[in-house]
Number of protein chains: 2
Amino acid sequence: MPREGQGELLSRAVWDVLAQQGLERLTIRAVAAAAGCTTGLVMHRFPNRRALLRHARQLLHETTRARVEALEAAAGSPRAALRAVLHQGLALDPQTTAESTVWLGFLAAAVADEDLIAMHRAGNRAWRARVGRLVEAAAPRQDPAAVTVALITMVEGAAAFAAADPEAYPPAVQTAMLDLTLDAFGLTDPVG
Amino acid sequence: MPREGQGELLSRAVWDVLAQQGLERLTIRAVAAAAGCTTGLVMHRFPNRRALLRHARQLLHETTRARVEALEAAAGSPRAALRAVLHQGLALDPQTTAESTVWLGFLAAAVADEDLIAMHRAGNRAWRARVGRLVEAAAPRQDPAAVTVALITMVEGAAAFAAADPEAYPPAVQTAMLDLTLDAFGLTDPVG
DNA sequence: CTCGTGTCGTAACAGCTGTTACGGTAACAG
DNA sequence: CTGTTACCGTAACAGCTGTTACGACACGAG
């Protein structure tokens with residue numbers, strides 16, 4: 001029996017319930033059912049429901065951060081890195097669409113949870129700082145700080161819109177919007 | 001006893017609970033307490049909880065739409081109208097900040113509610129079409145459709161970020177971001 | 001083998017949930 | 001005044017919630 005990966009298993013079950021059934025049905029019994037176990041294992045692994053949500057939230061943050069760092073390391077130029085990092089924040093496939101829904105659920109749950117809102121703020125400020133560094137390295141035409149805020153709010157809003165209405169915001173629309181904005185900010189290399 | 005305004009009174013109570021206590025504590029008893037009545041009045045006015053949420057959701061949509069239409073009618077030019085309409089979508093004061101939180105709560109609740117997600121899509125598409133008309137009238141440098149998507153996703157994302165972390169996204173940051181983006185899209189009049 | 005320990009399923013608990021049924025009461029018609 | 005009707009507070013119901021207590025089982029130590 002895996003003792004190590006069960007925290008992660010339960011956190012992924014939290015994601016599944018959150019993405020498919022929403023925040024209101026995010027109960028311990030639903031999580032246990034999604035994980036294929038009983039509530040006994042859940043309560044044995046976590047002291048209470050809030051701790052389970054915190055772990056799932058932090059694991060989501062670390063997962064996306066690892067993916068972003070890999071993309072950033074694999075990019076050939078600062079501008080390519082910026083585009084790749086922003087690109088993965090959109091809702092372009094079932095994976096990232098579900099992630100956006102889960103992220104939104106956690107944010108809505110954070111309204112009444114002091115720990116969740118603190119985790120959101122820490123993660124969001126780190127994300128903003130990371131994109132800010134990439135923007136500065138990419139040398140935009142305008143103020144890098146304002147450009148950074150414009151880009152991250154746009155990406156997150158687009159992911160939320162696309163998750164809630166995939167037909168109205170298909171991948172082509174999202175990528176066209178992102179590339180157009182990057183170009184308007186002078187963050188794309190001239191074609192040639 | 002007001003028979004007419006009680007639906008609106010209860011819907012505003014729904015907003016209050018949603019903004020201050022979050023989606024998880026949005027119970028009929030909490031709504032009744034916020035409205036200063038008992039559950040009997042709530043269940044007499046609405047057949048069930050979902051109908052109450054639907055009414056509150058639709059009232060929020062109509063409220064913002066009326067405000068947007070007034071701003072649009074009062075603007076002197078298409079570009080001024082566009083900026084005013086986008087400006088009111090940001091979270092710049094307690095009023096609009098709470099609205100953003102409530103909007104986000106409804107969107108999170110819509111994951112498991114077929115009616116709410118349908119209402120969101122209808123409202124969002126109407127909003128997108130409205131901004132699209134303003135963008136076209138304002139004659140941007142780039143593709144109006146893509147510019148429209150960029151602007152509405154950015155505004156909604158900024159409102160969500162600001163509602164969740166007001167210190168990191170003060171009004172000056174949001175407005176600077178919006179004006180910078182409008183300028184980058186060629187949607188601001190030259191200063192003179 | 002026995003024993004202890006960690007793991008986890010089962011069952012129960014109190015509390016809260018949406019919803020329903022019922023009773024009182026105010027307003028209004030005659 | 002009486003009777004009717006709509007309104008709404010009170011109380012209850014079954015069901016679900018998070019959490020706890022307890023027992024079964026596996027497994028390694030001695």
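Being over 27 Å from residue B:18 (Cα atoms), at the interface with another protein chain (Cβ under 9 Å from one of its Cβ atoms) and surrounded by fewer than 16 Cβ atoms within 10 Å (Cβ to Cβ): is that true of residue A:136 here? When the stated conditions are applied, residue A:136 does not pass them. For residue A:76, state whether it is without any contact (Cβ under 8 Å) to a residue 40 or more places away in the chain and assigned to a loop (DSSP other than H, G, I, E, B). It is true that residue A:76 is without any contact (Cβ under 8 Å) to a residue 40 or more places away in the chain and assigned to a loop (DSSP other than H, G, I, E, B).
Only residues that are over 15 Å from residue B:116 (Cα atoms) and more than 14 Å from DNA strand D (Cβ to nearest atom) were counted in the range B:45-66, giving 4.
Could you check, for the range A:105-124, whether at least one of its residues is in a helix (DSSP H, G or I), farther than 26 Å from residue A:49 by Cα and within 7 Å of chain B (Cβ to nearest Cβ)? Checking the range A:105-124: not a single residue is in a helix (DSSP H, G or I), farther than 26 Å from residue A:49 by Cα and within 7 Å of chain B (Cβ to nearest Cβ). Residue B:84 meets the conditions (1) under 15 Å from the mean Cα position of the chain (by Cα); (2) within 14 Å of chain A (Cβ to nearest Cβ); (3) assigned to a helix (DSSP H, G or I) in every case but one. The failed one is (2). Restricting attention to the range A:92-104, the residues that are within 11 Å of chain B (Cβ to nearest Cβ) and not in a helix (DSSP H, G or I) total 0. Just to be sure, is residue A:42 within 13 Å of DNA strand C (Cβ to nearest atom), closer than 17 Å to residue A:116 by Cβ and either touching a strand residue (DSSP E or B) at 6+ places or on another chain (Cβ under 6 Å) or at pLDDT 95 or above (or both)? No. Of everything listed in (1) more than 14 Å from chain B (Cβ to nearest Cβ); (2) over 22 Å from the mean Cα position of the chain (by Cα), the single unmet condition for residue A:30 is (1).
The set of residues in the range A:1-27 that are near DNA strand C (Cβ under 10 Å from one of its atoms) and within 14 Å of chain B (Cβ to nearest Cβ) contains only A:24.
If the condition is being facing chain B (nearest Cβ under 8 Å) and not in a helix (DSSP H, G or I), then the range A:142-192 contributes A:142, A:143, A:165, A:168, A:169, A:185. Cβ contacts < 7 Å: first residue free of Cβ contacts under 8 Å to residues at least 12 places away in the same chain, restricted to the range B:39-63; second residue away from DNA strand C (no atom under 13 Å from the Cβ), any location; separation 6+ or different chain. Result? Going by the 7 Å Cβ cut-off, there are no qualifying pairs.
The residues of the range B:25-38 that are free of Cβ contacts under 8 Å to residues at least 24 places away in the same chain, of a type in the set (Val, Ile, Thr) and touching a helix residue (DSSP H, G or I) at 6+ places or on another chain (Cβ under 6 Å), listed by number, are B:31, B:38.
The values are calculated or read from the model by the stated rules, or taken from the named source; none is laboratory data. Worth saying up front: this structure is predicted, and the values here are computed from it rather than measured. Positions of Cβ are generated from backbone atoms using ideal geometry, with glycine treated the same way; all protein chains shown enter the neighbour counts.
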